[in-house]
Amino acid sequence: MEEDTYKLAAENGDQRRYTSTFGPAIVVSGSGSERIITLDGKIQVKIVDSPEGIRKPPKMLDRLFLIDYPGDIRFRVELTNDQTLIYDSNGKLYFVFVTAYTNGQPDPSLPVWNRFPPYALIKAAYPELHERRGQPLHFILGLLVLVFGWCEFRYERFQHLSYWLSLRWVGTDNPEPNDTHFFLCKIGGIFMMLFSVYLFFKSFGLSPV
């Protein structure tokens, strides 16, 4: 949501409040098919899950939502086969493009449906659609890259091994690594360790910047 990660801050009955580091607070009310989302304490958006009387297309849908923004702006969101299709009130396919930013956040002058896209609000309103944070694969990969980078930076035996594996010695009269090779190994090791930090951030669903 607005390039921010939100977490549950408070829960009271069927009302849940989500906060983030930089974005405005989001309050979700309701536990049935209809939810009301309050953005920044003043903007209200209504979401209806599988509304009655709405004609569905002939294709199979996993889920269908109607989302009403202030000013009688309505969007239709279809979920099918892990794909999300969003249509405006005219039935045209809608794509979210945010091109103006202020202090790293979408410009407040943008329409509310651009700052808070339909599907992002739907995910906020229905806990079963929340994205799970954390990627074990990124964590394991980050650990491997960290170990490899440290060995490349610290251990001369490892630097010798990388020299032989690189096949740079092929065709040389005296196949031994020189000072330039050892220097490049240390630089490469530093970059690999920095990249491992990025992978660790990704593994916990955080942004390194």
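Taking region 156-189 as the region of interest, how many residues are assigned to a helix (DSSP H, G or I) and of a type in the set (D, E, K, R)? Going through region 156-189 one residue at a time, the tally reaches 4.
Taken over region 60-93, the residue count meeting the criterion of being more than 20 Å from Ala125 (Cα to Cα) and surrounded by 10 or more Cβ atoms within 10 Å (Cβ to Cβ) is 1.
Applying the criterion of being aromatic (Phe, Trp, Tyr) and at pLDDT below 85 to the residues of region 1-57, the residue that is nearest to the chain's Cα centre (by Cα) is Tyr6.
The values are calculated or read from the model by the stated rules, or taken from the named source; none is laboratory data. Note that the structure is predicted; figures quoted are calculated from it, not measured. So basically every Cβ, Gly included, is an ideal-geometry build from the backbone, and we count neighbours across all protein chains shown.
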